[in-house]
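Below is one structure, written out as C-alpha cells, with a few remarks after it.
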Amino acid sequence: MSSDPIRALGLTDDPRFVAPEKLGGKSAGVHDGVAITENPATGEVLGGVRLDGSAALDRAINESIEAFKKWREVPAPARGQVVRAIGEEFRRVKEPLGELVSLEMGKIRAEGLGEVQETIDIADYAVGLSRQLPGQVFPSERAGHRMFEQWLPIGPVGVITAFNFPNAVWGWNAMLAAVCGDTTIWKPSLLTPLVAMATNAAAERVAAKMGHAGVFKLVIGTDDAVGKPMVADRRLPLISATGSCRMGRAVGQAVAARLGRSLLELGGNNAVIVHSDADQELALRSTVFGAVGTAGQRCTTTRRLLLHESIAEKFTERLVAAYKQVATRIGDPLKEGTLIGPLANAAAVEQFLAAVKAAKAQGGEVLFGGERAAPNGLKGHFVQPTIIRAPRSNKLPIAMEETFAPILYVFTYKDLDEAMAMHNGVDQGLSSAIFTESIRASERFLSPTGSGSDCGIANVNAGTSGAEIGGAFGGEKDTGGGRESGSDSWKAYMRRQTTTINFGGKFELAQGIRFE
Ligand code: NAD
C-alpha cells in the first residue's frame, strides 16, 4: 500500500468521520448512531461514520430536487463535460481510492484499482453518450404529421448499493444518470461507508467547482431510518437497487406499491458448462478465476460447474490441483501476490460454514477446502476456496442458493439437454458460460428460440465473471431483470415521450376515424 488511503482521501477531515481511538474500543457494526467499519483482513477498526436519519434523507431529497431543476437545464453535452472532469478526478485518486476499496471491502489490490477503473470507464462512456441519447422518428399515418420520441430526464434517482462493488456500482448509476440530466441520492452499504464518502466527495467536489453543487448526494443510514423511507418516497421516480434477491423483493414491492420505477440488480447463481470437446486449459483457468476471484463475492461468481461425464474426472482432478495452488495465496488483499482476500464479515464466514455443512448433509463431497483460514495468523474473515462434488443423483438443494463465498459445486451431465435443464434449474439468471469447440453446442446454449441459457449474460469460451462496461449488465428471473452500464441501459434513467406534430394544419385522426 502506498500510503494511508483514509488520510490521503481527506476522510479524516469529513465531519461525519469518527477516528478509531474515539470509538471506545467498540467493534464493527452500528453503535449509537455510528457505523463502525473494519478491515475484514485484520479485524482492525478503520473508523466510524455518523449516520444520517430520516430528517437528513428528507433534506437531501429536497436539495436533490432543487439541483435537478437546474441540472436538467444544462445541455446534455455540457453535462457530459462535467462527467468528463469527474472521470479525470477518479483517475487522480485511483490509487488511494482503489486501496481503500481493498482495505474496507477486502478485494485484492488489483481488483480494488480495477473497480475504480470501471468507474473511470463508465464516465468515459457516459461522456460519449451525452452527445447521443437518441430518440426515433416514425412515419405518421396521417398526412402533414410528424411523429417521434424524445428522452427526458426523469428526476432524482435513489441509488442503493451492495458492499462488494462499493465504488463501481455507484459509478454505473451515477455517471449515466448525470448525463441523462438526473441527480442521484446514494444509500451505500453500511459495510463500506468510507469508500462511499470518498467516492461521492470526488464527484461532488468537481460538480460544485463547475457550478453544479448538489447533483450527487450521499445519505448513509440504516435500512429502517434511510433505506426503506427512501424506497417508499414518491419524490424519487426511479430506485436503482443492487444487492441480494431478498432485498430486491422488498424494494421491488415497495416501489411498485407507489407505482414507481425500479431497476433491480440482484443475486446470481452462475454456472459454467464444460462440454466434452472444450479447450480444457481455457475452461480451467476461467473457472478458477470465476469461482475464487474476489473470494467468491461477485454477483457473477461461478458457483456451479457442470461437467460432461467424459471429462469430469480428469477435469475435477486438475481443478483440485489448481485450488491447492491458489489456496497458498490467501492473505492480506493489499499485499503483492495475494489472490484471495477475506470475506466481508464474521456473518459471511458463518454462512459459508453453514453452506458447507448443509452440502455434506445433502450428500455433497468436499474435494477441497470447506474450512476457515488464517493466513499468516491474520485475524480477519478468511475461508478456504472450496470445491464440493454433488452426489450422483445431482440433487444438492444448497447449490440452488447463492452463498456469497468461494464455494464451487460440481455436477456431471450426460448430454446437453440435461446440462441445460440443470443450468436453468435455479431461481437466479445473471451470468452463464459454456466451454466448447462445437458450433452446435454453443448455438444450443445461445439458441435464438430462447431455449438455451436463461441468463442476462451468456458467454462462449469466456467465464461468468468480469463483464465489460460496453454491454448491458444484468440478469433475469430472481436477479431482477434490470440492466445497467452499456448498450441502451441509459434509457432506464430517462422518461420517454412520444410526440406528434401536425404541421399540415388539417384536423385528422388516426385509424381513419371521422369526427365531423
Ligand atoms: P444486501 O441485499 O444485504 O444489501 C444491499 C443494499 O441494500 C445495502 O445497501 C442494504 O443496506 C440495502 N437494503 C437491504 N434491505 C433494504 C430495504 N428493505 N430497503 C432499502 N435498502 C435495503 O446485499 P449485500 O450483502 O450488500 O451484497 C451482496 C449481494 O448483492 C449478493 O446477492 C450479490 O449477488 C448482489 N449483487 C448483485 C449485483 C448485480 O449487478 N446483479 C452486483 C453486486 C452485488
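The values are calculated or read from the model by the stated rules, or taken from the named source; none is laboratory data. Remember, it's a predicted structure, so these values are computed and weren't measured experimentally. When we count neighbours, we look across all protein chains shown, and the Cβ atoms used for this are built from the backbone with ideal geometry, even at glycine. The area values use the complete protein model at the heavy-atom level, side chains included, leaving out ligands, DNA and RNA. Shrake-Rupley method; radii C 1.70, N 1.55, O 1.52, S 1.80 Å.
From the square roots a ≥ b ≥ c of the eigenvalues of the alpha-carbon gyration tensor of the range 426-476, which class results: rounded (a/c under 1.5), prolate (a/b over b/c), or oblate?
Values: a/c = 1.85, a/b = 1.28, b/c = 1.44.
In terms of gyration-tensor shape, oblate.
Taking only C-alpha pairs under 8 Å that are 6+ residues apart, what is the relative contact order of the range 109-171 in percent?
40 percent
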(message) Over the chain, with the other protein chains present, what is the accessible area per residue in square angstrom, probe 1.4 angstrom?
(response) 42 Å²
(message) Please report the net charge: other residues with Cβ closer than 10 Å to the Cβ of VAL127, K and R +1, D and E -1.
(response) +2
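What shape does the range 1-105 have by the C-alpha gyration tensor, where a ≥ b ≥ c are the square roots of the eigenvalues, rounded means a/c under 1.5, and otherwise prolate means a/b greater than b/c and oblate the rest?
Values: a/c = 3.25, a/b = 1.44, b/c = 2.26.
It is oblate, given that a/c is not under 1.5 and a/b is not larger than b/c.
For ARG495, ARG303, ARG372, give me the order by solvent-accessible area with a 1.4 Å probe, most accessible first, ignoring ligands, DNA and RNA.
Details: ARG495 105, ARG303 5, ARG372 135 Å².
The residues order as ARG372, ARG495, ARG303, largest area first.
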(message) Using helices alone, I'd like the mean residue ellipticity at 222 nm for the chain: each DSSP H run of four-plus residues gives -39500 (n - 2.57), total over residue count, nearest 500.
(response) -11000 deg cm²/dmol
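From Cα pairs below 8 angstrom and at least 6 apart in sequence, can you work out the relative contact order of the range 270-468, rounded to a whole percent? Before the final figure, lay out the partial values.
Details: 394 pairs, mean separation 57.8, N = 199.
The normalised contact order for the range 270-468 reaches 29 percent.
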(request) Mind ranking ILE513, ILE160 by accessible surface for me, highest first, 1.4 Å probe? (result) ILE513, ILE160
(message) Taking every DSSP beta bridge with both residues inside the range 270-468, roughly what % is antiparallel (nearest 5)?
(response) 20 percent
(message) I need the shape label for the chain. Rule: rounded when a/c is under 1.5, else prolate if a/b > b/c, else oblate, with a, b, c from the alpha carbon gyration tensor.
(response) oblate
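Which whole-number percent is the relative contact order of the chain (Cα, under 8 Å, 6+ apart)?
On the way: 1150 pairs, mean separation 87.9, N = 516.
Here the relative contact order equals 17 percent.
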(request) Go through GLU516, GLU281 and list them by solvent-accessible area, largest first, probe radius 1.4 Å. (result) GLU516, GLU281
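Expressed as a whole percentage, what fraction of the accessible surface of the chain belongs to carbon and sulfur atoms when a 1.4 Å probe is rolled over the protein heavy atoms?
51 percent
Checking the table LYS107/LYS491; LYS69/LYS491; LYS107/LYS335; LYS94/LYS228; LYS22/LYS217 against a 23 Å threshold on Cα-Cα, which pairs fail? All intermediate terms of the calculation are to be shown ahead of the outcome.
Values: LYS107/LYS491 31 Å; LYS69/LYS491 19 Å; LYS107/LYS335 11 Å; LYS94/LYS228 32 Å; LYS22/LYS217 27 Å.
From the list (LYS107/LYS491; LYS69/LYS491; LYS107/LYS335; LYS94/LYS228; LYS22/LYS217), the Cα-Cα distance tops 23 Å for LYS107/LYS491; LYS94/LYS228; LYS22/LYS217.
Where both partners of a DSSP beta bridge lie in the range 190-305, what percent of those bridges are antiparallel, to the nearest 5? Write out the running numbers ahead of the final one.
Details: 0 of 8 bridges.
Counting only bridges with both partners in the range 190-305, antiparallel ones make up about 0 percent.
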